[in-house]
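These notes concern the structure reproduced below.
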Amino acid sequence: MDQFASVFGKKNKVIKLDCNTLEYEYHKADFKKYSLLLLDSNVKHTHLTSGYNDRRNEVEQGLAIIKNHFPEVKTYRDCTENMILKLKEQLGETIFKRCHFVVKEIQRVQDAVIAIENSAFRTLGQLMTETHHGLSEEYEVSCEEIDFLVDAVQHEKSVLGPRMMGGGFGGCSINLVEKGSENELIKKISEQYRSKFGIELKSYKVK
């Protein structure tokens, strides 16, 4: 995805990319009075690679169980939340959580495209927040530092939505914020983060 975005990215557009076929389409993304801000936790936990591989294995096991009960399913895009809920016992607690996150996240991507097209930034922020909770609680690829950064901005009026980004277990949170609020927000969250973890926060304003 990163390389694809670097090569095919266009100004004021987002790309909806099908990672199965590499088909893609552009959608207008005029953020108007909002901007994106990255807050870099400055940590990277060592279980990134092993954790990622574990999640891959778990979702593949889950898909095999789902296909066994619903032969029409080829990929997770063919799954519904109801299918996952019906198979909760067969999937077991951990794999159920992984599968439930994936199916819900696929829908959130579709909803986010519509929100961006309609300049419904409050909706987009809400979807980002929901994604983070899914990544943290169901997919379990966040960490204490990133959860702190997300929780710290949740009640800031200038923040529409935060979430972790990247492979997890550290790295950055990405925040949809009101333009002009970035510096004050960085100062406030940096102080809280330093007080909690003794780590200097980095920040990146996104164009």
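Of the labelled options [x] 18.3; [y] 21.0; [z] 19.5, which one gives Kirkwood radius over Cα pairs in Å as computed for this structure?
It is the value labelled [x].
Quick check of the Kirkwood formula: for region 118-207, what is the inverse mean of 1/r over all pairs of different Cα atoms, in Å?
Details: mean 1/r = 0.0748 Å⁻¹.
Evaluated over region 118-207, this radius sits at 13.4 Å.
Please compute the net charge surrounding MET128, taking Lys and Arg as +1 and Asp and Glu as -1 over other residues with Cβ under 10 Å from its Cβ.
Values: positive: ARG108, ARG163; negative: GLU130.
So the surrounding residues net to +1.
For region 137-207, report the accessible area per residue in Å² (1.4 Å probe, heavy atoms, rounded to an integer). All intermediate terms of the calculation are to be shown ahead of the outcome.
Numbers: 3720 Å² over 71 residues.
Result: 52 Å² per residue.
How far, in degrees from 0 to 90, does helix 121-133 lean away from the longest principal axis of the Cα atoms of the chain, to the nearest 10?
So the helix axis and the longest Cα principal axis differ by about 60 degrees.
What spacing in nm lies between the two simple spin-label points modelled at GLU23 and ALA64, each 7 Å away from Cα in the Cβ direction?
In this crude spin-label approximation the distance works out to 2.9 nm.
If I compute solvent accessible area with a 1.4 Å probe over the protein chains, what percent of it on region 29-178 is carbon and sulfur? Don't skip to the answer; put the middle values down first.
Details: 3750 of 7380 Å².
Answer for region 29-178: carbon and sulfur cover 51 percent of the accessible area.
Report the GluC sites (Glu not before Pro) located in region 1-66 that are in a DSSP loop and have at most 16 other Cβ atoms inside 10 Å of their Cβ, or state none. Spell out each step's value before the answer.
Details: sites: GLU23, GLU25, GLU58, GLU60; in loops: GLU23.
When the GluC sites (Glu not before Pro) of region 1-66 are filtered for loop state and at most 16 Cβ neighbours within 10 Å, GLU23 remain.
At a 10 angstrom cut-off on C-beta neighbours, averaged per residue, how do the peptides 80-91, 122-133, 161-172 rank from highest to lowest?
Those peptides, ordered most packed to least, come out 161-172, 122-133, 80-91.
List the chymotrypsin sites (Phe, Trp or Tyr not before Pro) in region 56-139 that DSSP assigns to loop (not H, G, I, E or B) and whose Cβ has at most 13 other Cβ atoms within 10 Å. Which are they? The partial results should precede the final answer.
Details: sites: TYR76, PHE96, PHE101, PHE121, TYR139; in loops: TYR139.
Qualifying residues, ordered by number: none.
Any idea how far apart ASN118 and LEU36 come out in nm if each label point goes 7 Å out from Cα toward Cβ?
Here the answer is 2.1 nm between the modelled labels.
Any chance you could give the angle, 0 to 90 degrees and rounded to 10, that helix 144-153 forms with the longest Cα principal axis of the chain?
60 degrees
Pairwise over distinct Cα atoms, reciprocal of the mean inverse distance: report the Kirkwood radius of region 1-113 in Å, one decimal place.
Working: mean 1/r = 0.0597 Å⁻¹.
Every distinct Cα pair counted, the radius reaches 16.8 Å.
Counting only Cα atoms, I'd like the Rg/Rh figure for region 22-73, Kirkwood definition for Rh.
On the way: Rg = 18.9 Å, Rh = 15.9 Å.
Ratio of gyration radius to Kirkwood radius: 1.19.
Helix 48-69 versus the longest principal axis of the chain: what angle, 0 to 90°, nearest 10, using Cα atoms?
For helix 48-69, the angle is close to 40 degrees.
The values are calculated or read from the model by the stated rules, or taken from the named source; none is laboratory data. Being a predicted model, the structure only gives us computed values, none of them experimental. Positions of Cβ are generated from backbone atoms using ideal geometry, with glycine treated the same way; all protein chains shown enter the neighbour counts. Surface accessibility is based on the protein's heavy atoms, side chains included, excluding ligands, DNA and RNA. Shrake-Rupley method; radii C 1.70, N 1.55, O 1.52, S 1.80 Å.
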